[in-house]
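The values are calculated or read from the model by the stated rules, or taken from the named source; none is laboratory data. A quick note: this is a predicted structure, and the numbers were derived from the prediction, not measured. Neighbour counts are summed over all protein chains in view; Cβ atoms, including those assigned to glycine, are modelled from backbone coordinates with ideal geometry.
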Amino acid sequence: MSASKPPLVVSNVIFFVTINLLGFVAAPIYGLTVGFSGWAWLVAAVIWIASGLSITVGYHRLWSHRTFRAAWPLRLALAFFGTFSLQNSILVWAARHRVHHRHVDDVERDPHSIKSGFWHAHIGWMTRHWKTSEINFDEVPDLKKDPIVMWQHRLYWPAVWVLNLGVPAALGWLAGDVLGMILLASAFRLAFSQHCTFFINSLAHTWGKRGYSQDNTARDNGVIALLTWGEGYHNFHHAFQADYRNGLRWWQFDPGKWVIAACSWVGLARDLKRTARFKIQRARLQVYFQELEARLACPSAAPTWREVFEREMQQFRETVNQWQAIQAERMQAGADALRDRWRRTDFRTRYKELEFRLKMQSRRLAALQRSLQPQAA
Ligand SMILES: [Zn+2]
Ligand SMILES: [Zn+2]
């Protein structure tokens with residue numbers, strides 16, 4: 001991509017330079033010399049949390065991936081607070097994000113492919129007229145039917161100025177700290193939160209584990225999750241993008257997931273999509289097998305381990321075949337049969353048995369991996 005670079009997007013370059021200078025240079029100088037009022041800290045924190053969660057819960061998991069359905073008051077709140085983040089309208093964001101998922105890592109099609117370099121994936125994709133950065137609204141026909149999305153899209157730029165300059169200025173005037181409020185609640189908060197989001201495209205495709213899929217560069221990274229309201233579990237997310245969760249485990253930091261779950265308890269969200277446990281386990285085991293195969297390719301690996309590997313692989317295939325057979329049987333039985341309590345329980349127990357088998361197999365594979373460690377070293 002460096003051979004003949006397209007022209008700069010001058011407005012974006014001016015914006016990024018200005019906001020980063022104001023946020024990371026002017027704001028700290030002001031804070032150290034004059035100091036920020038308590039109100040400025042409070043407003044900055046509230047906007048930072050509300051706008052960050054709106055990108056995660058709204059822009060990303062609701063509108064880009066349709067991982068749940070939201071009542072209009074929730075959609076309105078997410079569109080409103082998401083506008084504070086200055087990451088373009090929901091329509092534009094989702095159109096680009098869907099392309100990123102479908103063509104991840106493809107330098108010709110992914111808008112922020114990490115294969116075009118860390119800087120490009122982080123911010124460079126927005127600073128030049130790259131062909132891959134063009135917006136295709138055909139990606140979002142469903143969102144064009146959402147009046148709140150279209151309303152936000154039409155009013156986006158005036159709303160951005162009002163929310164990021166007008167609102168902090170007015171609140172600052174009330175608190176007697178106009179400049180401090182603008183520098184902290186707008187400039188610093190915007191610069192900081194934007195880089196955190198950009199880290200998903202750069203760092204979360206570079207640093208971390210690939211436990212669910214090794215087919216793309218997306219990684220699971222707990223540190224990035226801390227900065228992005230749970231979006232750091234990016235390998236899981238790319239493997240199961242229809243799932244409303246990014247952090248699968250209860251101990252993983254995923255406030256986006258917690259907010260969606262809490263909204264469903266009070267009737268603001270419904271139809272939360274979860275990936276079948278078996279599919280997640282199957283993905284984990286496939287990665288295990290890939291890693292083991294690479295280790296066994298080492299000439300010093302004992303032939304007995306290869307036999308063990310083949311046996312495990314065979315068992316894995318059988319389990320997957322059995323699961324597919326139950327799936328087909330359930331489809332054939334139809335919805336009527338599932339109303340019968342015994343049939344429901346029968347299916348559930350058979351699924352559980354297969355899930356347990358995969359769980360035990362993953363323990364054996366972990367042990368096998370450890371056994372192979374000295375040979376691989
Ligand atoms: Zn996504
Ligand atoms: Zn990604």
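Listed values, structure above:
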| quantity | calculated |
| --- | --- |
| Any hit, region 332-352, residues being closer than 28 Å to LYS209 by Cβ and aliphatic (A, V, I, L, M) | no |
| Test: residue in region 24-34 that is in contact (Cβ under 8 Å) with a residue 12 or more places away in the chain and within 16 Å of ligand 2 (Cβ to nearest atom) | no |
| Hits in region 229-244 - residues which are more than 12 Å from ligand 2 (Cβ to nearest atom) and in contact (Cβ under 8 Å) with a residue 60 or more places away in the chain | TRP229, GLY230, ALA242, ASP243, TYR244 |
| Residue ID - nearest to ligand 1 (Cβ to nearest atom), chosen from residues in region 240-258 that are assigned to a helix (DSSP H, G or I) and either modelled with pLDDT under 95 or crowded, with 24+ Cβ neighbours inside 10 Å (or both) | GLY256 |
| Residue that is polar (S, T, N, Q), assigned by TED's automatic domain parsing to the domain that holds THR33 and free of Cβ contacts under 8 Å to residues at least 40 places away in the same chain, where the choices are SER202, SER193, SER213, SER133 | SER133 |
| Answer residue from region 14-70, given it is among the hydroxyl-bearing types (Ser, Thr, Tyr) and within 16 Å of ligand 1 (Cβ to nearest atom) and is nearest to TRP229 (Cα to Cα) among those | THR56 |
| Residues that are more than 11 Å from ligand 2 (Cβ to nearest atom), buried (at least 18 other Cβ atoms within 10 Å of the Cβ) and free of Cβ contacts under 8 Å to residues at least 60 places away in the same chain, drawn from region 100-124 | GLY124 |
| First in region 40-62 and closer than 12 Å to GLN87 by Cα and part of a helix (DSSP H, G or I), second anywhere and within 16 Å of ligand 1 (Cβ to nearest atom) and aliphatic (A, V, I, L, M), Cβ under 6 Å, 6 or more apart | SER54/LEU78; TYR59/ILE90 |
